[in-house]
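Below is one structure, written out as structure tokens; the observations come after it.
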Amino acid sequence: MFKNMNTKTFQKLISLLAVLCLIVSVFAGCDGKDTDTQKTDGSSTVDYVAETKLNLKSETKKQEVTVKSFIDGDTTHFFVPESISADGVLKARYMGVNTPESTGKIEEWGKKASLFTRGKLEKATSIIVESDNDQWNVDSTGGRHLVWVWYKTADSEDYRCLNLELIQNGLSISCGTTADRYGTAASNAFQQAKAQKLHVFSGAKDPDFFYGDAYEVDLKGLRTNISLYDNAKVAFEGVITRNNNNSVYVESYDAETDMYYGMSVYYGYETGALLNILKVGNRVRVVGTVTYYETGGTWQVSGLSYREFKPNDPSNTIMISEGNSAANKETSPELFTRGTLDIETMNALNSEETTVKTFEYANLAMSTSISMKNLKVKSIYTTHNGGDSDGAMTLSCEANGLPIDVRTIVLYDDNGRLLTEADFLNKTIDVTGIVDYFSGAYQIKVFSAKDIIVR
């Protein structure tokens, strides 16, 4: 079309086109959506979080809160007035959000979502939870409130909806329904995250996830679903608290239930580098096989995976940190003997269906470190069978009218003297040990003379 056009005319036409492009670009940037940015692939990104505003005058229930504990990406416990929750704690389940799991079983991007939520709320100067309508609503378990979580920081005047922010960043695998109060914004943010292939939609590997052949699980998930993992290879993290008889005890804290969960890990006759990893005080990632120990009637993990010359192998048992301490959680006789806890458990591996089960507290606390005070020693049985355990004792105690058994290994004092029944019988003691199970009863197992204090 420019074949018969002279040079001067052509230059004028080019200048005119340049001016027109400038005018179009100016008007395109003045559409009132200053939250839009242009992607390199030509698509625009809408900040649906910024576009969605908290209406403090709406009919919904609202309460300013502070964080009690972080659970995972879509669950946080907040302190609230007793008028909202009798115990002063609201267990918030984020409306419209379903982040990958980072408690119980561990899923890709679950840790990322959990850290995202924690990072936003830790920087918040104000946090408000809002119901979806004019009342506080609970989820299907009856123990958690369904809420929208809003926060603002020192750098902002407006509250931002954390629910929408998780969805918009591709950290939620679903987004509720458009019938929810902010459902349309959530749906739009969800579709945008999918289109932009963010995080869970990226198809990329999660750098915080181990892609091995083991089930990634935490100790709470393992302990409460233990029979499902029978003979399965699992991977979990925890602090080593005791080492005895070719086994170590590993424990980890769960904020949702405010208790520790543990597991006995049998390493057998391993030597060298693996034993340096399995030192008391180390936080480790254990990879091994779940087995039922028939003799003791308890579960353990054995057959540890370790390849010294392949440190990045996801099937390796590895050390995470040093210098950690056992919890030695002070426990009352009542809680130890009569306490129960309702826990949501899986119906099957790789299933979303769950069931709430009631567990004995001592069952959940198996292999964790506890302490107990003011135990009156009523009688003692000392082992005499000609074996290595000769001199080990079972102290039958009473505390607050409740029976508590304390089992010891063979104990010696600082001078090398063997401790016997005469050191403890009819005396009142404080003990620190590991929750154990023997002959149909839970007991406290003690591994050092220093762990029994005679009052």
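Total residues in the range 372-384 satisfying the condition of being open to solvent by 20 Å² or more (accessible area, probe 1.4 Å) and not in a loop (DSSP other than H, G, I, E, B): the figure is 8.
For GLY268, indicate whether it is open to solvent by less than 20 Å² (accessible area, probe 1.4 Å), within 19 Å of GLY296 (Cβ to Cβ) and at pLDDT below 95. Considered against the rule, which asks whether it is open to solvent by less than 20 Å² (accessible area, probe 1.4 Å), within 19 Å of GLY296 (Cβ to Cβ) and at pLDDT below 95, GLY268 comes out as yes.
Of the residues that make up the range 392-409, is at least one outside any strand (DSSP E or B), under 23 Å from ARG242 (Cα atoms), open to solvent by 10 Å² or more (accessible area, probe 1.4 Å) and without any contact (Cβ under 8 Å) to a residue 40 or more places away in the chain? Don't jump to the end; show me each part of the working.
Keep residues of the range 392-409 that are outside any strand (DSSP E or B), which gives 392, 400-401, 409.
Restricting the remaining residues to those that are under 23 Å from ARG242 (Cα atoms) gives 392, 409.
Checking which are open to solvent by 10 Å² or more (accessible area, probe 1.4 Å) leaves us with 409.
From what is left, the residues that are without any contact (Cβ under 8 Å) to a residue 40 or more places away in the chain are none.
No, the range 392-409 has no match at all.
Screening ILE240 with (1) within 22 Å of TYR293 (Cβ to Cβ); (2) in contact with a His (Cβ under 9 Å, 6 or more places away or on another chain) gives one miss only, at (2). For the range 312-371, the set of residues classified as over 20 Å from the mean Cα position of the chain (by Cα), surrounded by 16 or more Cβ atoms within 10 Å (Cβ to Cβ) and not in a loop (DSSP other than H, G, I, E, B) consists of PRO333, LEU335, PHE336, THR337, ALA362, ILE370, SER371, listed by residue number. Selection over the range 410-432 of residues that are over 13 Å from VAL446 (Cα atoms), within 41 Å of the chain's Cα centre (by Cα) and not in a loop (DSSP other than H, G, I, E, B) gives a count of 1.
From the set of residues in the range 206-226 that are touching an Asp or Glu at 6+ places or on another chain (Cβ under 8 Å) and more than 21 Å from TYR260 (Cα to Cα), which is surrounded by the fewest Cβ atoms within 10 Å (Cβ to Cβ)? Talk me through it step by step, then tell me what you get.
As a first pass, look at the range 206-226 and keep what is touching an Asp or Glu at 6+ places or on another chain (Cβ under 8 Å): 206, 209-210, 212, 216, 218-220.
Within this subset, residues satisfying the condition of being more than 21 Å from TYR260 (Cα to Cα) are 206, 209-210, 212.
On the way: ASP206: 17, PHE209: 17, PHE210: 18, GLY212: 15.
Top of the filtered list is GLY212.
Looking across the range 219-256 at every residue that is over 15 Å from GLY303 (Cα atoms) and small (Gly, Ala, Ser), the one that is nearest to the chain's Cα centre (by Cα) is identified as ALA255. Residues that are more than 24 Å from the chain's Cα centre (by Cα) and at pLDDT below 95 were ranked within the range 135-157; the one that is surrounded by the most Cβ atoms within 10 Å (Cβ to Cβ) is SER156.
Scan the range 359-368 and tell me whether some residue there is more than 28 Å from SER227 (Cβ to Cβ) and either in contact with a strand residue (DSSP E or B) (Cβ under 7 Å, 6 or more places away or on another chain) or not hydrophobic (A, V, I, L, M, F, W, C) (or both). No, every residue in the range 359-368 fails to be more than 28 Å from SER227 (Cβ to Cβ) and either in contact with a strand residue (DSSP E or B) (Cβ under 7 Å, 6 or more places away or on another chain) or not hydrophobic (A, V, I, L, M, F, W, C) (or both).
Inspection of the range 283-302 finds no residue satisfying the criterion of being crowded, with 17+ Cβ neighbours inside 10 Å and outside any strand (DSSP E or B). Between ASP47, ASP74, the distinction of being surrounded by 15 or more Cβ atoms within 10 Å (Cβ to Cβ) and in contact with a strand residue (DSSP E or B) (Cβ under 8 Å, 6 or more places away or on another chain) belongs to ASP74 only.
For the range 227-253, give me each residue that is in a strand (DSSP E or B), among the acidic types (Asp, Glu) and open to solvent by 10 Å² or more (accessible area, probe 1.4 Å).
Taking the range 227-253 and keeping what is in a strand (DSSP E or B), we get 233-244, 247-253.
Applying the additional criterion that residues be among the acidic types (Asp, Glu) yields 237, 251.
Correct list: GLU237 only.
Out of the range 154-163, which residues are closer than 23 Å to ASP72 by Cβ and either touching a His at 6+ places or on another chain (Cβ under 8 Å) or assigned to a loop (DSSP other than H, G, I, E, B) (or both)? Matches in the range 154-163: TYR159 only.
Selection of the range 245-291 for residues being at negative phi, out of contact with any Asp or Glu (no Cβ under 7 Å at 6 or more places or on another chain) and among the polar types (S, T, N, Q) yields SER247, THR257, SER264, THR271, ASN276, THR289, THR291. Taken over the range 185-198, residues that are closer than 13 Å to TRP109 by Cβ and crowded, with 22+ Cβ neighbours inside 10 Å amount to 1.
The values are calculated or read from the model by the stated rules, or taken from the named source; none is laboratory data. Just so it is clear, the model here is predicted, and its values are computed rather than measured. Don't worry about glycine lacking a Cβ; one is built from the backbone with ideal geometry, like all the others, and counts go over all protein chains shown. For accessibility, only protein heavy atoms count, side chains too; no ligands or nucleic acids. Shrake-Rupley method; radii C 1.70, N 1.55, O 1.52, S 1.80 Å.
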